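Data block below; observations after.
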Amino acid sequence: MSLLEEPSIDTPAPQARPTADQVPLSPPWTRRRITLTLLACGFLAGSIWGLRRVEMTLFPLIEGWPETWDLLQRMWPPFIPAEDRSEVLQLLADTFFMAFLATVIGVALSIPLGLLASRNVVSNPIIRTAAMLFIAFARAVPSLILALVFVRVFGIGPIAGILAIGLHSIGFCGKLFSAAADNIELGPRDGVASTGASRGQELLTGVWSQMVPSVIATSLYRVEINFREGTLIGLVGGGGIGLYIRGVQGNLRYQELLGVTVVIIVAVIVMELLSQAARRTILGPTDPLANSVRLRAAGGWHLRVLAHRVAVEASGASSYVGYRE
Amino acid sequence: MTSPPSSVPIANGTRRPDVVSVRNLRKEFDGGDVVALDGVSFDVPEGQLLVIIGLSGSGKSTLLRHLNGLTWPTDGQVNVLGTDVVRAKGKSLRSLRRDVGFVFQQFNIVGRLTCIENVLTGALGELRGPRLGARMYPKSLRRRAIEQLDRVGLADRAWQRTDTLSGGQQQRVAIARSLMQQPRIVLADEPVASLDPEISGQVMDALFQCCVEDNITVLCSLHQVDLAINWAHRLIGLRDGQVVLDTPVDGNLDTEDVMQVYRRLDPTGEKVDEYAETPAHALAG
């Protein structure tokens with residue numbers, strides 16, 4: 001309730017105004033500025049120290065170059081034997097649906113957890129901290145470790161992978177959902193509260209409806225990430241294309257290893273395109289990630305333009321009128 | 001829903017029962033460093049259109065936010081429609097808020113929702129359980145929401161996203177949301193502060209017109225004295241959290257008195273008091 005209070009009114013001006021020649025020309029060394037400077041120095045020192053470490057370990061790589069070259073030669077050209085091709089495609093489809101189901105599970109669990117972890121929803125710090133800790137725990141445990149556990153329970157196959165990736169997704173989605181709930185505008189929520197709405201009504205109309213674009217964008221992004229995770233989860237028996245990798249790697253079939261890697265790279269790029277097209281279609285110009293650095297880094301302009309065209313076609317025309325004056 | 005329009009100004013002569021009663025209201029922020037309201041007292045009879053004027057930071061918004069429990073006072077009593085707002089919480093506070101519409105300076109509508117969804121929000125107090133999307137409201141309420149939108153001239157925008165509208169239109173949606181509550185009082189906190197003068201006039205007309213039609217008491221804070229005088233039955237002036245002016249609006253209104261509320265303004269529009277010790281020429285060097 002105290003959130004509804006105005007944070008503060010205009011702070012009173014200082015008593016005596018300094019003359020122009022008394023105003024310093026450099027920014028003052030506030031505590032915050034000192035902290036930030038020390039942090040920057042820390043990062044620099046850490047990088048230099050790290051560089052020294054890496055230089056020591058780089059030599060074996062150079063010394064071992066003939067072996068690396070030999071390995072690369074045995075990998076080239078990438079190749080998947082004809083009798084394996086349908087299996088690879090099946091496993092790839094498995095991976096896709098695993099990513100999809102894992103995201104559904106992860107998002108379904110993350111929404112309540114994210115809300116519970118948000119300062120805007122729960123005022124009790126114990127509940128909030130507990131939800132935050134669970135989310136952090138899910139993020140801290142790698143999905144491969146989770147998959148090892150679930151493979152023990154459910155045996156080798158997609159179910160273990162889905163659960164492992166789904167639970168690990170909570171760490172990412174829950175965190176971003178609670179941030180979305182924290183970052184809503186309080187004004188519209190006040191507006192809903194001022195109509196005499198109950199707390200549940202206030203949360204759904206005032207809070208949730210503001211979170212929706214962020215939840216959709218996060219979930220779609222998570223499908224991409226989960227697809228990438230799903231390609232590896234099979235290495236520990238979690239199902240999907242990773243099972244094939246495990247097989248060829250165990251039998252030292254290097255050409256197949258490179259071949260399936262190429263297939264995965266192509267599949268990941270296609271996934272990103274699909275996900276971006278879906279994002280554009282669903283969110284249109286309200287996408288909170290639309291112009292983010294991440295998308296630029298991930299797609300490059302031509303991919304984004306392509307995705308945008310697909311989205312416009314899919315949404316059934318450019319009938320969308322500019323959404324804000 | 002609609003009572004016959006009463007265009008009779010409610011001035012001193014005709015007393016109706018008070019719907020708002022504020023006594024010695026005091027509000028401090030930052031542990032007493034900032035005093036936003038300093039012993040404010042006044043009563044508002046039913047049906048009165050009361051306009052509160054004053055500089056930014058004089059306590060207008062804070063005062064209005066006390067009247068529906070969006071803020072709590074440091075000291076003093078606030079009684080609205082027979083409810084002690086300071087003590088009210090939970091259910092009694094919500095039932096009070098159902099009877100008190102609030103129109104915010106920043107509109108405070110949910111931009112992602114359609115206009116009709118925002119207006120329907122005003123009916124949440126009548127319903128049990130949360131709603132998402134217009135289809136979760138009964139058709140009778142949807143019809144009423146469209147009627148309210150029609151009153152502010154936006155019925156054709158019902159299914160448009162609210163953030164696609166202009167500022168003046170958004171504020172009219174917010175007014176429709178307040179009317180949807182069928183309130184007995186509307187509190188308007190500088191409803192036109194972010195709009196241009198012409199649109200401001202239209203919005204104020206829409207607000208006051210509807211409230212007069214529905215016999216709703218209005219407490220409205222405003223910067224523009226001219227807009228205030230057009231509609232108001234009564235003016236209250238706030239300065240530094242104190243009531244410095246309380247006058248009916250009729251032929252005898254002294255404009256000089258009204259301008260006194262803005263006394264601290266110097267010609268450049270800056271507050272001058274705080275810097276009085278430093279002569280202007282000292283700043284030139």
* Relative exposure of A:59, A:96, A:227, judged by other C-beta atoms within 10 Å (fewest first) -> A:59, A:96, A:227
* To do: Using a 10 Å cut-off on Cβ to Cβ distances, tally the other chain neighbours for every residue of B:92-104 and report the average as a whole number.
  => 3
* Distance from the range B:168-209 to the range A:21-74 (C-alpha centre basis), Å -> 57 Å
* With θ set to phi - 60° and the Karplus curve 6.51 cos²θ - 1.76 cosθ + 1.60, what are the ³J(HN,Hα) couplings of the range B:179-191 in order, to the nearest whole Hz, using x for Gly and Pro? -> 5, 4, 5, 6, x, 9, 9, 10, 9, 10, 9, 6, x
* So which aspartates and glutamates pass the test for residue B:139, namely a Cα distance under 17 Å, with those fewer than 8 places away in the same chain ruled out? -> B:117, B:126, B:147, B:150
* Structure fact -> Given backbone amide H placed at 1.01 Å from N, residues whose amide H is under 5 Å from that of residue B:101, ignoring those fewer than 5 places away on the same chain, are B:184, B:185, B:186, B:187
* To do: List the residues whose amide H sits under 5 Å from the amide H of residue B:114, counting only those 5 or more places along or on another chain, with H placed 1.01 Å from N in the peptide plane.
  => B:162
* Along each of the three principal axes of the Cα atoms of the range B:174-254, give the extent in whole Å, ordering the values from largest to smallest. => 35, 28, 28
* Near residue B:27, which lysines are there with a Cα under 16 Å away, not counting those fewer than 8 places off in the same chain? -> B:60
* Whole-Hz couplings from phi, Karplus 6.51/-1.76/1.60, listed for the range A:38-44; x for Gly and Pro -> 4, 4, 4, 4, x, 4, 4
* Residues B:136, A:271, sorted so that the one with the fewest Cβ neighbours within 10 Å comes first -> B:136, A:271
* **Amide H within-cut-off set for residue B:239, under 5 Å, with H built and near neighbours excluded** => B:244
* Structure fact -> Whole-Å distance linking the alpha carbon centroid of the range A:96-160 with that of the range A:215-264 is 21 Å
* **Under Karplus coefficients 6.51, -1.76 and 1.60, residue-wise ³J(HN,Hα) of the range B:63-78 in Hz, glycine/proline x** => 4, 5, 5, 6, 6, 10, x, 6, 9, 10, x, 6, 7, x, 10, 10
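No value in this document is a laboratory result; all are computed from the given coordinates. Quick caveat, the model's predicted, so the values are computed rather than measured. No Cβ is skipped: glycine too gets one built from the backbone with ideal geometry, and neighbour counts run over all protein chains shown.
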